[in-house]
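The values are calculated or read from the model by the stated rules, or taken from the named source; none is laboratory data. Note that the structure is predicted; figures quoted are calculated from it, not measured. Please note: Cβ atoms are built from the backbone with ideal geometry, for glycine as well, and neighbour counts cover all protein chains shown.
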Amino acid sequence: MSQAGKTYINNKVVKLPKGFMTSPYNYQVLALDEFTVVASCNCESGTAGSMFLENHLLLFVLQGIYTVQYGNQACTIRRNEMALLPKATVVQYQKTGASDSDNMLDYMMFFLKDELLKEFIKMANIKFTKPTIPVSISAKPVNERLLKYLDSLKPYFSETNEIEGNLIKIKLLELLFDLASADNNMLQQLLQVKQQVRSNMSTIVEENLTKPISLNDLAYLSGRSLSSFKRDFRAVYNVSPAHWIREKRLQKAKELLTNSSMSITDVCFMTGHESVAHFSRIFKEYFGDSPSSYKQNLK
C-alpha cells in the first residue's frame, strides 16, 4: 500500500492520494508546487477503499454520500456538507452516488499544508491557545457563501495552464477565511490540526502499527517532535521505535500466515509493509524462513 500516487497534470508530476487514482473517476486538479491542493471528482458510481493523507483534507460533498473511518472514529458527509480530516491518517472510505440524481457522486477535496494554516492564522490575527480537549471530527453544513466559493473555482479547472500558483494560494486563504466565518467549531478544528494535542504515545503507536506511516507521522499524531517521540518511546519500550514496530509487524505477519488463508502479498500489505520483496527478506532474517517456506511448512 503506497502512501500516494503520481499522475501528470499539464506535463507536471502531481501527487495524489492512493485511492484517488482508481478508476472510474472524472477528476480535475489544481496544483501548487507539484502537490495537489484542490481536486474535483464527478462520477456515476460509488466505490470503497483507503488512502493515506499526507496533508490535512477538507472534503466538500455536493452530491452523494462519502463515509470515512479512521481509528475508532467515523464520519458520514452528505449533500452540501463538509468535514476536516487531519493529516498522517489512513482513511477508509466508502462513496455512494445520489439515488435521486442518476447515482451521481460529486465532491471537492482541498489538501491543506501546515504552512498554509500558519499563514492564515497570522493574516487573520488569531490568538492561538493550545486546545485542551480534542475537537471531534463531524460533518458540517455548507452555507450559501461557501457554495458560491466552490462554484467560483469551476472555471479554473478548465484553465489550469493559465492559473498562477499564487492565485491558487489566495483562493485557499479565501476558503479558510470563509470557513472561520461560517462555523466557530470549524475554526477550532483548523487550530487543532495546526498544533496537535499531545496524546498517549503508546496508544497512537499501537493503533497505527499496521498502517504504512512514517515515524514523523507517528510523532505528529502524538503531538511531539520526532526527537521527543523517539526519546519518549525508548523510555517506555526500552528499544527504538523503528525496531519495535518492525518486530511487532513481523509477529503479526506470522500470526496471519499461521491462522488464515491470506496470500503472502495480502499479509505483506495488511501488516504495514510496502514491498513484498523487502517483507520476504526481513521475515527470513527474523524467523529463519521466507514467508513462502514458512507457509509451505505449515502444510
Return the pairs, sorted by first residue and then second, in which the second residue is assigned to a loop (DSSP other than H, G, I, E, B), the first residue lies in segment 281-298 and is closer than 16 Å to M262 by Cβ, the beta carbons are less than 7 Å apart, and the residues are 6+ apart or on different chains. F283/S290
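Listed here are the residues, each with its yes/no results for (1) over 25 Å from N125 (Cα atoms); (2) more than 20 Å from the chain's Cα centre (by Cα); (3) surrounded by 14 or more Cβ atoms within 10 Å (Cβ to Cβ); (4) not assigned by TED's automatic domain parsing to the domain that holds K252.
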{"site": "I168", "(1), (2), (3), (4)": "no, yes, yes, yes"}
{"site": "D178", "(1), (2), (3), (4)": "no, yes, yes, yes"}
{"site": "N184", "(1), (2), (3), (4)": "no, yes, no, yes"}
{"site": "V205", "(1), (2), (3), (4)": "yes, no, yes, no"}
{"site": "N208", "(1), (2), (3), (4)": "yes, no, yes, no"}
{"site": "N216", "(1), (2), (3), (4)": "yes, no, no, no"}
{"site": "A219", "(1), (2), (3), (4)": "yes, no, yes, no"}
{"site": "R231", "(1), (2), (3), (4)": "yes, yes, no, no"}
{"site": "V236", "(1), (2), (3), (4)": "yes, yes, no, no"}
Is there a residue in segment 78-86 that is of a type in the set (A, V, I, L, M, F, W, C), at pLDDT below 85, closer than 21 Å to A48 by Cβ and not in a helix (DSSP H, G or I)? no
Give all pairs with beta carbons closer than 8 Å in which a residue from segment 250-266 that is surrounded by 12 or more Cβ atoms within 10 Å (Cβ to Cβ) meets a residue that is among the polar types (S, T, N, Q); count only pairs at least 6 apart in sequence or on separate chains. L250/T271; K252/T210; K252/T271; A253/T271; L256/T271; I264/S280; I264/S292
If you check T96 against the conditions, is it polar (S, T, N, Q) and surrounded by fewer than 19 Cβ atoms within 10 Å (Cβ to Cβ)? yes
All conditions in (1) closer than 21 Å to V90 by Cα; (2) in a helix (DSSP H, G or I) are true of R231 except (1)
Cβ-Cβ distance below 8 Å, separation of 6 or more or different chains: which pairs start in segment 98-109 with a residue that is among the small types (G, A, S) and end on one that is assigned to a strand (DSSP E or B)? A98/Q63; A98/I65; A98/M104; A98/L105; S101/Q63
Would it be correct to say that D151 is more than 14 Å from the chain's Cα centre (by Cα), assigned to a helix (DSSP H, G or I) and at pLDDT below 85? no
